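For reference, the structure is listed below as structure tokens.
The values are calculated or read from the model by the stated rules, or taken from the named source; none is laboratory data. Because the structure is a prediction, the values reported are computed rather than measured. Neighbour counts run over all protein chains shown; Cβ positions are idealised from the backbone, glycine included. The protein model used for the area step is the full one, side chains on, heavy atoms only, and it has no ligands, DNA or RNA in it. Shrake-Rupley method; radii C 1.70, N 1.55, O 1.52, S 1.80 Å.
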Amino acid sequence: MKDFDRALTQSERRVIGPLDHSIRVQTFLDELPYSVESDYRCPLRVLRDRMAHCFDGALFGAAAMRRLAASAPD
């Protein structure tokens with residue numbers, strides 16, 4: 001997750017920062033246009049392209065939830 005966080009621009013941090021709950025992550029994904037391309041996007045590219053298909057969204061959701069788990073107090 002450190003590599004993911006380091007790759008984020010300030011603008012991207014402002015987008016992903018409020019995604020602090022699974023419902024907010026899902027809402028973010030629901031608002032993205034659906035990609036009909038056969039390419040797969042990594043979570044960072046989903047954030048940058050603001051587009052995803054089901055698999056892309058699942059990867060982004062998993063990364064976003066892992067990010068939350070990593071920042072949760074023990």
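Computed quantities for the displayed model
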quantity	calculated
Loop sites in the chain: GluC sites (Glu not before Pro), DSSP, at most 14 other Cβ within 10 Å	E31, E37
Of all accessible heavy-atom area on the chain, the percent that carbon and sulfur account for (1.4 Å)	55 percent
Student exercise, the chain dipole from Lys, Arg, Asp, Glu Cβ charges, in Debye to nearest 20	240 debye
Accessible area of the chain divided out per residue, in Å², using a probe of 1.4 angstrom	68 Å²
Listed residues S35, S11, S22, most fluctuating in the chain (Gaussian network, C-alpha, under 10 Å)	S11
The chain: angle of helix 54-71 to the longest principal axis, Cα-based, in degrees nearest 10	10 degrees
